[in-house]
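Chemist: Sharing a structure with you now.
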There are 2 protein chains.
Amino acid sequence: MASKSHLPPPVMAVSRSLRRTNPITYILAAGLCIFFLYFFFADGTSIPRIKNLDAGAKQILSSKDAASNALSPPSLPYIKPKLAEGEVMAPPPVVHYHMNNVTVTGDPIGNRESVLILTPLARFYDGYWDNLVKLSYPHDLISLGFIIPKGREGNLATQQLQERIQKTQAPTNKNRFASITILRQDDEIPVLTSEHERHALSAQKERRAAMSKARNALLFTTLGPTTSWVLWLDSDIVETPASLVQDLASHDKGIIVPNCFQRYYNKDKESMDVRPYDFNSWQDSPTAKGLAEKMGPEEILLEGYAEMATYRNLMAYMADATDLNGDPRREVNLDGVGGTALLVKADVHRDGAMFPPFPFYHLIETEGFARMATRLGWQAHGLPNYF
Amino acid sequence: MASKSHLPPPVMAVSRSLRRTNPITYILAAGLCIFFLYFFFADGTSIPRIKNLDAGAKQILSSKDAASNALSPPSLPYIKPKLAEGEVMAPPPVVHYHMNNVTVTGDPIGNRESVLILTPLARFYDGYWDNLVKLSYPHDLISLGFIIPKGREGNLATQQLQERIQKTQAPTNKNRFASITILRQDDEIPVLTSEHERHALSAQKERRAAMSKARNALLFTTLGPTTSWVLWLDSDIVETPASLVQDLASHDKGIIVPNCFQRYYNKDKESMDVRPYDFNSWQDSPTAKGLAEKMGPEEILLEGYAEMATYRNLMAYMADATDLNGDPRREVNLDGVGGTALLVKADVHRDGAMFPPFPFYHLIETEGFARMATRLGWQAHGLPNYF
């Protein structure tokens with residue numbers, strides 16, 4: 001999987017430092033959602049078989065593929081039944097969703113499992129949307145959710161996103177998504193003071209706390225009763241295998257993370273090359289644990305700072321050899337995960353796993369999420385050779 | 001506010017001990033939701049004004065009172081437009097919800113704010129439903145959510161609940177609720193071993209961890225984009241002021257808890273009397289903080305155990321004098337809250353505040369929730385004289 005490189009290819013360390021403090025690209029302000037768009041998939045091409053009981057007063061859905069009632073949850077497409085002339089709609093029905101038919105398995109397509117793809121969106125990339133549209137997972141089982149910050153950048157991203165949505169979700173497009181939800185945040189992007197910029201570590205903490213609240217607002221608002229899987233996908237992911245969802249789900253883990261690389265121009269090789277991108281997926285180290293023990297309650301561990309060498313085992317460097325052709329199904333246990341691409345069973349979230357905006361075991365955001373999931377009995381896994 | 005007393009009136013200490021270890025009444029097993037019922041409020045009596053743009057392809061809702069699209073979120077009632085003969089439904093619309101019209105204020109009725117009432121339900125009491133129906137908050141702004149454990153007791157509760165719902169939600173009843181969601185858990189009620197029963201403290205921890213997961217599953221699944229307030233209400237609450245929601249909301253706090261009493265027969269007075277009921281709403285004490293500091297990371301503080309005297313300031317005992325006629329609007333700050341009746345701004349949850357099933361600052365469930373909300377910048381308040 002490759003992420004969009006929107007900076008000229010510099011020395012890696014400088015690149016990361018720049019990226020970390022680039023407020024326009026990365027900072028999502030927390031706050032209230034002020035704006036909500038709702039798009040959906042609905043036509044009459046495949047009406048599920050409906051048994052009429054009690055003279056039409058009660059309907060039992062024999063398929064979970066579509067809801068036939070008006071207030072169907074956002075994760076299910078609504079299919080309006082076609083009525084013959086003179087036919088009358090039944091009175092408001094009582095709809096029973098038999099949730100024991102909603103599975104979370106290694107065969108999500110075979111079991112028609114709903115996937116919710118969630119993306120905090122600060123900038124819109126056409127490559128992101130192109131890649132999303134190319135996903136081979138059945139689109140009528142995919143719901144999308146976005147949270148976009150307030151302000152000029154956010155307005156632009158919203159507009160660009162809507163333009164692509166209008167085309168993709170056209171009623172004539174058989175490949176459109178089940179539903180799309182867009183949340184707009186109430187807050188402006190916080191301007192980094194020069195002091196903040198000088199202290200990259202504290203700016204990181206603030207940025208990731210804001211990102212945590214944005215992720216939580218998106219998650220709490222969009223997760224529905226029929227959601228089986230949640231795929232967190234960063235807005236700069238422009239290239240994934242088309243079978244990403246089913247590949248990750250086939251491992252049947254509570255939390256699973258592929259490896260993520262960034263394409264860049266390698267000056268030494270004078271050609272395009274890839275380099276590690278997400279440093280938040282790691283296995284814990286005695287050094288990091290020792291650092292945490294000596295920390296004050298409000299301090300957090302962050303990866304990738306020379307002044308805080310953790311010696312953690314980073315998944316970014318676990319890929320077999322240098323040929324990038326190792327077994328893509330090789331699994332490793334992880335203690336921290338990144339949010340670049342992250343597949344989570346909806347039940348992990350339903351148990352209470354969220355993205356702590358405060359230090360949680362000295363961890364924050366996606367890394368804190370992995371720790372919290374562990375507290376809830378779920379183990380995170382990584383696929384070092386799956387890109 | 002009074003809770004249902006379903007035990008003969010014994011000495012209070014014994015009563016609490018019995019209640020705490022009564023598995024049938026109180027234990028909710030965590031797990032997957034297997035069964036989902038959806039009821040809703042829908043008729044054609046008040047169709048909101050809809051502007052037609054782009055030849056009907058795009059509709060803008062001028063009112064947040066009702067959704068006119070098929071996939072409207074569960075927190076909004078769906079009102080199906082009546083079509084004249086020969087009239088054709090517009091193609092699937094793109095519906096914009098302008099969320100800056102969704103407020104959370106001290107005047108929730110005036111601002112038409114949606115309230116989600118959530119109840120973990122192990123036993124169904126007719127008194128609970130009677131009290132719910134008597135609430136004077138506009139019912140078309142109230143959505144209900146229940147989570148019911150698996151097993152025989154849960155089946156019975158589901159059946160009793162459904163019988164009352166069928167009547168209350170009848171299309172002819174103008175006073176019906178906006179929507180009702182019922183989640184059934186996947187797990188059986190865990191049977192307490194005799195060892196557990198002997199060690200009430202550890203049983204408490206297990207019980208409240210299971211309750212936390214049940215609350216989280218209910219919350220994550222039912223919270224929608226238009227929800228302004230969440231009222232947590234225990235299933236044995238059979239008597240509240242009819243104006244409970246608007247009374248609590250008028251304080252305009254992130255988290256607010258009324259005092260809760262239990263009616264019982266006082267043998268000494270030879271008449272019905274009330275006694276304190278919820279001991280989880282408290283102000284912290286130096287003793288409790290000292291206990292927590294000496295605890296291992298997995299230990300939790302619990303209120304009401306002689307072997308763990310916390311000397312916390314319990315709201316149950318803060319009511320003015322004994323005449324129960326103190327100022328009902330008097331507010332106190334709280335460090336822990338109970339879940340008997342608990343009004344929360346939806347944004348507190350959206351920021352990430354959930355019910356920790358694991359020790360969080362040595363607190364669990366609703367008490368841990370209050371601590372987590374504090375970490376997210378929200379202060380809990382109590383109303384010692386409001387019953």
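Chemist: What GluC sites (Glu not before Pro) in the range A:274-336 are in a loop by DSSP, with at most 11 other Cβ atoms within 10 Å of the Cβ?
Modeler: Hits after loop and neighbour filter: A:Glu298.
Chemist: Spelling out what I want: for every residue of the range A:285-293, take phi, set θ = phi - 60°, compute 6.51 cos²θ - 1.76 cosθ + 1.60 (Karplus), and round to whole Hz; glycine and proline get x.
Modeler: The phi angles translate into 10, x, 4, 5, 5, x, 4, 4, 5 Hz.
Chemist: How big is the gap, in Å, between the Cα center of the range A:140-155 and the Cα center of the range A:207-248?
Modeler: A separation of 11 Å, based on Cα centres.
Chemist: Right, something else. Would you mind working out the magnitude of the charge dipole of the range B:276-363 relative to its Cα centre, with +1 at each Lys and Arg C-beta and -1 at each Asp and Glu C-beta, to the nearest 20 Debye?
Modeler: 140 debye
Chemist: Is the range A:109-244 best put as rounded, prolate or oblate by its Cα gyration tensor, with a ≥ b ≥ c the root eigenvalues, rounded for a/c under 1.5, and otherwise prolate when a/b is larger than b/c, oblate when not?
Modeler: prolate
Chemist: Using +1 at the Cβ of each Lys and Arg and -1 at the Cβ of each Asp and Glu in the range A:228-330, identify which of A:Pro297, A:Gln262, A:Ser281 lies farthest towards the dipole's positive end.
Modeler: Going by the Cα projections, it comes out as A:Ser281.
Chemist: Given H placed 1.01 Å from N in the peptide plane, which residues other than close sequence neighbours of A:Ile147 have an amide H under 5 Å from its amide H?
Modeler: Correct list: A:Thr119, A:Leu121, A:Leu183.
Chemist: Suppose you put the label 7 Å out from Cα in the Cβ direction; list, shortest first and in nm with one decimal, how far B:Asn333 is from each other copy's label.
Modeler: 4.2
Chemist: Further question on the same structure: Each residue of the range A:160-171 in turn: what ³J(HN,Hα) in whole Hz from Karplus with 6.51, -1.76, 1.60 and θ = phi - 60°, glycine and Pro shown as x?
Modeler: 5, 4, 5, 4, 5, 4, 3, 6, 5, 8, 4, x
Chemist: Counting Lys and Arg as +1 and Asp and Glu as -1, each charge on the Cβ, what is the dipole of the range A:236-387 about the Cα centre in debye, to the nearest 20?
Modeler: Once rounded to the nearest 20, the dipole reads 220 debye.
Chemist: Here's another thing I want to ask about it. At a 1.4 Å probe, what is the % contribution of carbon and sulfur to the accessible area of the range A:284-378?
Modeler: C and S atoms contribute 51 percent here.
Chemist: Show me, for the range A:143-159, the HN-Hα J-couplings you get by feeding each phi into the Karplus relation (A = 6.51, B = -1.76, C = 1.60, θ = phi - 60°), rounded to Hz, glycine and proline as x.
Modeler: Once rounded to whole Hz, the list reads 10, 10, x, 10, 10, 10, x, 5, x, 5, 4, x, 4, 4, 4, 4, 5.
Chemist: So the label point sits 7 Å from Cα along the Cα-to-Cβ vector; using that for B:Glu298, what distances do you get to the other copies, in nanometres, sorted shortest first?
Modeler: Ordered by increasing distance: 3.1 nm.
Chemist: Could you look at the range A:109-244 and say what percent of its accessible area is carbon and sulfur, using a 1.4 Å probe and all protein chains?
Modeler: 51 percent
Chemist: Mind scanning A:Lys167/B:Lys345; A:Lys150/B:Lys345; A:Lys289/B:Lys213; A:Lys213/B:Lys150; A:Lys167/A:Lys205 and naming the pairs with a C-alpha gap bigger than 31 Å?
Modeler: Distance filter (> 31 Å) returns A:Lys167/B:Lys345; A:Lys213/B:Lys150; A:Lys167/A:Lys205.
Chemist: Moving to a separate point now. Treating only the Cβ atoms of Lys and Arg (+1) and Asp and Glu (-1) as charged, compute the dipole magnitude of the range B:109-244 about its Cα centre; round to the nearest 20 debye.
Modeler: Magnitude of the dipole: close to 240 debye.
Chemist: Once the label point is placed 7 Å from Cα along Cβ, list for A:Tyr311 the distances to the corresponding points in the other copies, in nm, shortest first.
Modeler: Distances between equivalent label points, in nm: 4.5.
The values are calculated or read from the model by the stated rules, or taken from the named source; none is laboratory data. Since we're looking at a predicted model, the values are computed, not measured. Methodologically, a virtual Cβ is constructed for each residue, glycine included, from the backbone with ideal geometry; neighbour enumeration extends over all protein chains shown. To get the accessible areas, we keep the full protein, side chains included, count just its heavy atoms, and leave off ligands, DNA and RNA. Shrake-Rupley method; radii C 1.70, N 1.55, O 1.52, S 1.80 Å.
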